[in-house]
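Quick note: the coordinates plus some simple rules give every number you see, no bench work behind them. Bear in mind that the values here come from a model prediction, so they are computed numbers and not experimental data. Glycine also receives a Cβ, built like all others from the backbone with ideal geometry; neighbour counts cover every protein chain displayed.
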Amino acid sequence: MLMHYKAITFVKRPTTDITPDTFETITLETPALKEGEFLVKQTHMSLDPAMRTWMQDNPSSYIPPVAIGEVMRAFGVGEVVESKNPAFTVGARVVGVTGWAEYVLGGPDMQVVPAELPVEALLCVLHVPGLTAYVGLMEIARPKAGETLVVSGAAGSVGSLVGQMAKAEGLRVVGIAGSEEKCRWLVEELGFDAALNYRSANLAAELAEATPNGVDVYFENTGGAAQHLVFDRLNRFGRVTVCGMIADYSREVPAPGPSWVDINIKALRVEGFVIVDHYDKIPQATQALSGYLQKGQLKYRAHVLKGLDSAIDGVNLLFSGENKGKLLVEL
């Protein structure tokens, strides 16, 4: 059955900020399905900092850039409404790569997930944010009980999970966030040992007080003012997991990084990663995350926008720091 639906295409590569003319809202018609295909009505869509890198014309990136004129890429959850694929029956709930659109053709990455699982738990913990947090912390940083971890972007979807998992593993956890409200949430609700506002004029002194024994693990989500301060407090054999650099995504020239002298002298390990290279770890990550959830060791919150068009301006909440929790669009 053919239907008309709304989609948002990517029409202009931003050089700095993402502006409304970056996108265009269009009307499309659902395709006639071929054998093996299935049609998904998207119900919830994730907005993520990585979208800014997908907009860059960088052929050497970890994933092909979104082409001009294409529907903007996203991860999302939806319901199968038509199918010629026995593995994806009508009524099944699926999660995977979708797009800024009300309907999408199901792709090979999509997975059927339990219909009774709350959408917010799925997108906030058990899908990309949780997998990213688990891999970056447990597989790359390899924390040990008694160590001190600092996580930037700590109130974000990944950072908040990293801090809570580290607490569950017996570490001292210090979060860096962008408002006093977020810092209170990290300490009072999530159990962080300390949380610092990166806008503070006394950030260096506050960081020193919060990390009296130095820093063993730095989980980097943002870059920005805190990066050099945390790097300078790294202990010998410290590890830095580079998950994101949101402060630099809209800059034409990235900010200069810390000196490599300490990497040498302190025997530091600095490792970047992108989650698409680690999909083979989904089973073990899901098992671990489910275990934390069942023990009450992971809390989360979602910032939900309403309607597909809300994504056009809403995506900038990620870069202004105004989102409170995982940023989702409810269609």
Max mean-square fluctuation residue, GNM over the chain, Cα-Cα springs under 10 Å, options Arg236, Arg251, Arg301: Arg251
Write out the trypsin sites (Lys or Arg not before Pro) in segment 130-221 meeting two conditions: DSSP loop, and at most 15 other Cβ atoms within 10 Å of their Cβ. Lys144, Arg199
Per DSSP, the loop-located GluC sites (Glu not before Pro) within segment 69-149 having at most 15 other beta carbons within 10 Å are Glu70, Glu116
Where Lys and Arg each count +1 and Asp and Glu each count -1, what net charge lies around Glu120 among other residues with Cβ under 12 Å from its Cβ? +2
Within a Gaussian network of the chain (alpha carbon springs, distance under 10 Å), most fluctuating of Ser60, Ser250, Ser259: Ser60
Show which lysines lie in cross-link reach of Lys306 when reach means a straight Cα distance below 21 angstrom and same-chain residues fewer than eight apart are skipped. Lys6, Lys41, Lys324, Lys326
Restricting to lysines and to Cα separations under 27 Å from Lys266, and discarding same-chain partners fewer than 8 apart, the set is Lys144, Lys167
Computed over the chain: longest principal axis from alpha-carbon atoms vs helix 157-168 long axis, angle to nearest 10 degrees, is 50 degrees
Rounded D (µm²/s) - segment 1-109, Kirkwood Rh over Cα pairs, Stokes-Einstein at 10 °C, 1.306 mPa s: 108 µm²/s
In terms of modelled amide H atoms, which long-range or inter-chain residues lie less than 5 Å from the amide H of Leu196? Gly175, Ile176, Ala177
Determine the percent antiparallel among the DSSP beta bridges restricted to the chain, to the nearest 5. 55 percent
If the cut-off is 12 Å between C-alpha atoms, which aspartates and glutamates fall inside it for Lys84, apart from same-chain ones fewer than 8 positions away? Glu35, Glu37
If you keep only loop residues by DSSP, which chymotrypsin sites (Phe, Trp or Tyr not before Pro) in segment 223-298 have at most 11 other Cβ atoms within 10 Å of their Cβ? Trp260
Mind listing the phi-derived Karplus ³J(HN,Hα) values for segment 178-183, rounded to whole Hz, using 6.51, -1.76 and 1.60 with θ = phi - 60°, and x for any glycine or proline? x, 7, 5, 4, 5, 5
How far is helix 282-294 tilted, in degrees, relative to the longest principal axis of the Cα atoms in the chain, given as a value from 0 to 90 rounded to the nearest 10? 70 degrees
Please state, to two decimals, what the Cα-based radius of gyration of segment 114-261 comes to when divided by 2.2 N^0.38 Å (N = residues). 1.02
So if I average 1/r over every pair of distinct C-alpha atoms in the chain and take the inverse, what Kirkwood radius in Å does that give? 20.7 Å
J(HN,Hα) series, segment 60-76, from Karplus relation 6.51 cos²θ - 1.76 cosθ + 1.60, nearest Hz, glycine and proline x: 8, 5, 5, 9, x, x, 5, 7, 4, x, 7, 5, 4, 6, 7, 9, x
